[in-house]
Every structure is written in structure tokens, then in C-alpha cells.
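Below is one structure, written out as C-alpha cells; comments come after it.
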Amino acid sequence: MIESRIGVWRRTGGVLVAAGVLALSGAALATEQSQQRQQGRDANQAAKQDARSEKVDCRAENNKSNAACRQDKRDTKQEGRQEKRDVKY
């Protein structure tokens with residue numbers, strides 16, 4: 001009877017350890033994904049700000065048409081989106 005109690009405790013302890021390891025590995029994965037998403041958002045926001053300032057500078061210089069300045073802004077934002085994808089994946 002004593003041996004069966006020890007076996008029960010051993011199995012219970014093993015199950016608890018396994019559950020703890022699974023929980024910790026899942027939390028670590030979630031944290032890593034969260035950091036990747038945050039880095040992606042930061043890259044995207046930086047690209048948007050760069051595009052805004054680039055368009056303002058372009059219009060201030062008046063050496064391009066407004067359509068060309070818009071296209072430059074689109075290109076800059078697209079580069080930011082690609083950078084976000086590179087960070088995320």
C-alpha cells in the first residue's frame with residue numbers, strides 16, 4: 001500500500017512537471033511573437049513618418065509634381081511594409 005502511494009505521488013509529480021514545462025515553453029513563444037509584432041509595428045510607424053516628412057520636403061523643394069511626390073511617399077511606405085514583413089517572418 002505504501003508503494004502504491006509513492007507511485008501515485010511520483011506520477012502526479014511527473015504530470016505537474018510536464019505541465020509546467022509546456023506552460024513555460026508556450027509563454028516563451030508568445031513573448032517572442034509579441035516582440036516580433038512590436039518590432040514590426042515600430043518599423044511600419046517609422047516608415048509612415050519618413051514618408052510624411054519626405055513628401056513635405058518634396059513639396060517644399062517644388063522640383064517635382066505633386067503626383068511624383070505622392071508616388072515617392074507610396075514607395076517609402078511600401079518599403080516600410082516590406083521591412084515589417086522581414087522582421088515578422
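The values are calculated or read from the model by the stated rules, or taken from the named source; none is laboratory data. Since the model is a prediction, treat every value here as computed from it, not as a measurement. We place every Cβ from the backbone using ideal geometry, glycine too, and count neighbours over all the protein chains shown.
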Q) Based on what the data block shows, is GLN78 modelled with pLDDT of 85 or more and not acidic (Asp, Glu)? A) yes
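I'd like to verify a number: residues in segment 34-84 that are among the basic types (Lys, Arg) and in contact (Cβ under 8 Å) with a residue 40 or more places away in the chain, how many?
Within segment 34-84, the subset among the basic types (Lys, Arg) is 37, 41, 48, 52, 55, 59, 64, 70, 73-74, 77, 81, 84.
Okay, now just the ones that are also in contact (Cβ under 8 Å) with a residue 40 or more places away in the chain, so 37, 41, 84.
Count: 3.
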